[in-house]
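Here is the structure we will look at.
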Amino acid sequence: MTRPRLTELADVSGPARLPDYIPHDHGVGIIHLGVGSFHRAHQAVMTDDALASDGGDWRIVGVSLRTKDIARDLNAQNGLYTLLERAATCTTARVIAAIDHVIAADPQATLAALCDPAIRIVTLTVTEAGYGIERDSRLPDTGNVIVAADLLNPANPEGVLGLLVAAIVRRREAGHKPFTVLSCDNLPENGELLRDGIVGFARSIDGDELANWIADNVPFPCSMVDRITPSPTSETRVEAALQTGCEDKATIETEPFSQWIIEDRFSAGRPRWEAGGALFVNDVKPYERMKLMMLNGCHSMLAYAGYLVGWRFVRDVMRDTDLSLLVQRHFKAASQLLQPLPGIDFNDYASALTDRFANPAIAHETYQIATDGTQKLPQRIFHPALEALNTQQDIRPFAFTAAMWMRFCQQRLDDGSGYKLRDPRSEEITTALGSNTQDAVDISNAFHRLPGLIPQKLACNDRWRQSVDEVLSIVLDKGCVAAIRIEADCLKTLRT
Ligand code: CS2
């Protein structure tokens with residue numbers, strides 16, 4: 001049966017819920033860099049709720065910095081798409097109309113849009129690797145090809161830092177109010193990190209005056225975002241067609257849970273995102289630490305270990321009795337590093353995470369989470385491990401994750417089948433590993449020597465090194481299944 005393409009709300013004929021507002025009655029006010037599935041399952045949805053409840057000119061201009069596919073699919077649908085929310089027992093659908101249009105891999109058009117005085121907020125989900133900021137110095141990463149090119153030619157930027165600085169400069173010259181820059185990526189102190197990168201970029205191209213002006217005039221609130229969003233599949237499209245009666249090439253699926261915690265510092269207003277459940281606080285850091293260390297840290301652990309023993313989805317890992325014990329161990333170790341947070345019980349948080357990870361309707365691939373380990377593990381595993389060492393807490397769950405990641409970087413399963421390491425530093429890792437495939441200490445040394453990755457104090461600590469090397473040698477000698485069994489058995493013995 002041929003169905004019409006989803007292009008107008010009037011096309012929808014199924015049970016999907018429609019927006020409670022008329023999209024074209026609202027102008028744009030936000031530019032979002034990185035219109036992937038996560039943005040469409042999270043911020044765009046809360047913006048849709050805010051438009052419905054409070055109106056305002058807050059529709060979103062999406063920017064896809066590198067690829068053209070999402071822009072092509074969404075623009076062909078006037079920005080409309082179906083959001084499927086998959087709970088364990090039922091799936092519901094709604095059509096989202098918050099996105100006005102998407103700019104596809106076009107830096108000049110992006111810069112022009114960023115300079116539009118109607119734009120009052122710039123939000124970002126460009127992944128941990130997409131910022132081009134060196135984590136230790138918090139300065140622009142001159143080893144990043146795009147950042148280096150933008151520093152040489154700041155009038156024609158292509159990367160995040162270059163585009164934002166050029167837009168801030170042009171708006172200032174034109175007498176337009178600065179926009180607020182709101183990072184929505186899983187990075188610690190994401191707003192402050194981005195501010196430091198931007199200010200550093202401005203100082204490099206134009207000296208202290210511009211850098212100080214930005215620091216004084218452009219707000220960079222931090223935010224914590226949370227919604228588990230697997231990559232859409234052909235089944236997502238089939239379900240969207242049932243729910244809308246339309247063909248939807250931009251549909252996505254996600255879990256029912258959604259959380260956004262934001263510092264309320266905006267230069268020129270904001271949508272009333274509270275209508276979609278956003279929480280505004282003075283300081284996001286404690287929430288961010290909780291989420292990065294408990295949810296994301298545990299995700300990385302179960303993704304590497306799970307993938308290595310053949311579990312394709314997170315929900316499969318949660319049914320593995322040994323791994324599910326290690327999941328609980330990780331939650332506990334991470335939560336012991338957190339300061340109490342009023343209104344939040346970390347045991348309840350862990351148990352809610354357990355249910356979310358186990359959701360049978362969510363097909364979240366371990367391989368998806370295993371991507372970009374060098375960008376994710378510092379905040380999820382290495383810095384927490386250092387904190388655990390400094391406070392005499394349990395380091396083993398972090399060492400176990402590090403060892404599993406190192407084994408994953410070898411790009412082969414125990415049965416010899418291969419897969420691709422998706423990481424911006426994959427070539428460096430492969431070179432560092434060389435032909436060594438069996439000596440745990442040598443392999444661990446190679447990883448610990450990678451510049452700017454594992455904090456020096458951790459890399460030099462004997463307890464940490466022994467723990468990582470021990471797990472890695474068991475994994476290499478006995479195989480991944482056995483290593484996980486041994487780890488879980490030790491835990492059971494400790495408990496009895
Ligand atoms: C995951 C996150 O891919 C990953 O690394 O840990 O994308 C995670 O699903 C989200 O942060 C959940 O909010």
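The values are calculated or read from the model by the stated rules, or taken from the named source; none is laboratory data. Everything quoted here is computed from the prediction, not taken from an experiment. Neighbour counts run over all protein chains shown; Cβ positions are idealised from the backbone, glycine included. Side chains are part of the model used for accessible areas, which takes the heavy atoms of the whole protein and leaves out ligands, DNA and RNA. Shrake-Rupley method; radii C 1.70, N 1.55, O 1.52, S 1.80 Å.
Which members of the stretch 289-300 meet the condition of being more than 11 Å from the ligand (Cβ to nearest atom) and farther than 14 Å from Ala388 by Cβ?
Met290
Can you name the number of the only condition in (1) surrounded by fewer than 18 Cβ atoms within 10 Å (Cβ to Cβ); (2) under 25 Å from Arg315 (Cα atoms) that Asn217 fails?
Failed condition: (2).
What number of residues within the stretch 232-267 satisfy the criterion of being closer than 19 Å to Gln368 by Cα, under 21 Å from the mean Cα position of the chain (by Cα) and open to solvent by 60 Å² or more (accessible area, probe 1.4 Å)?
The total comes to 1.
Looking at Phe313, is it within 16 Å of the ligand (Cβ to nearest atom), within 24 Å of Ile96 (Cβ to Cβ) and open to solvent by 20 Å² or more (accessible area, probe 1.4 Å)?
On the way: within 16 Å of the ligand (Cβ to nearest atom): yes; within 24 Å of Ile96 (Cβ to Cβ): no; open to solvent by 20 Å² or more (accessible area, probe 1.4 Å): yes.
It is false that Phe313 is within 16 Å of the ligand (Cβ to nearest atom), within 24 Å of Ile96 (Cβ to Cβ) and open to solvent by 20 Å² or more (accessible area, probe 1.4 Å).
Please work out which one of (1) in contact (Cβ under 8 Å) with a residue 24 or more places away in the chain; (2) surrounded by fewer than 16 Cβ atoms within 10 Å (Cβ to Cβ); (3) more than 30 Å from Asn390 (Cα to Cα) is the condition Leu450 fails and give its number.
So the condition that Leu450 fails would be (3).
Just checking, how many residues over the stretch 23-51 are closer than 21 Å to Glu253 by Cα, of a type in the set (A, V, I, L, M, F, W, C) and assigned to a helix (DSSP H, G or I)?
We begin by selecting, within the stretch 23-51, every residue closer than 21 Å to Glu253 by Cα; these are 32-50.
Pick out the ones that are also of a type in the set (A, V, I, L, M, F, W, C) and you get 33, 35, 38, 41, 44-46, 50.
Filter once more, so that each one left must be assigned to a helix (DSSP H, G or I): 38, 41, 44-46, 50.
Selection size over the stretch 23-51: 6.
Which ones in the stretch 390-420 are of a type in the set (A, V, I, L, M) and closer than 19 Å to Asn445 by Cβ? Outline the logic, then answer.
Going through the stretch 390-420, the residues of a type in the set (A, V, I, L, M) turn out to be 395, 399, 402-404, 406, 413.
Once the filter is applied, which keeps residues that are of a type in the set (A, V, I, L, M) and closer than 19 Å to Asn445 by Cβ, the stretch 390-420 yields Ile395, Ala399, Ala402, Ala403, Met404, Met406.
If Asn186 meets every condition in (1) part of a helix (DSSP H, G or I); (2) in contact with a Lys or Arg (Cβ under 8 Å, 6 or more places away or on another chain); (3) within 16 Å of the ligand (Cβ to nearest atom) apart from one, which number is that one?
Answer for Asn186: the failing condition is (1).
Return yes when Leu353 is buried (at least 18 other Cβ atoms within 10 Å of the Cβ), within 18 Å of Glu288 (Cβ to Cβ) and within 13 Å of the ligand (Cβ to nearest atom) and no when it is not. Working first, answer last.
Working: buried (at least 18 other Cβ atoms within 10 Å of the Cβ): yes; within 18 Å of Glu288 (Cβ to Cβ): yes; within 13 Å of the ligand (Cβ to nearest atom): yes.
So Leu353 passes the test.
Hey, could you check the stretch 253-272 for residues that are part of a strand (DSSP E or B) and within 17 Å of Asn186 (Cα to Cα) and say which is farthest from the ligand (Cβ to nearest atom)? Before you say what the answer is, go through the steps one by one.
In the first step, residues of the stretch 253-272 are kept if they are part of a strand (DSSP E or B); the result is 253-254, 259-263.
Still in the running and within 17 Å of Asn186 (Cα to Cα): 259-263.
On the way: Gln259: 8, Trp260: 10, Ile261: 12, Ile262: 15, Glu263: 18 Å.
Per the stated criteria, the residue is Glu263.
How many residues does the stretch 79-117 hold that are part of a loop (DSSP other than H, G, I, E, B) and closer than 14 Å to Thr244 by Cβ?
Filtering the stretch 79-117 down to residues part of a loop (DSSP other than H, G, I, E, B) leaves 79-80, 87-90, 97-98, 105-106, 115-117.
Then drop every residue that is not closer than 14 Å to Thr244 by Cβ, which leaves 80, 97.
Counting residues in the stretch 79-117 that are part of a loop (DSSP other than H, G, I, E, B) and closer than 14 Å to Thr244 by Cβ gives 2.
Going by what's in this entry, would Thr371 be described as polar (S, T, N, Q) and part of a helix (DSSP H, G or I)?
Values: polar (S, T, N, Q): yes; part of a helix (DSSP H, G or I): no.
Against the criterion (polar (S, T, N, Q) and part of a helix (DSSP H, G or I)), Thr371 does not qualify.
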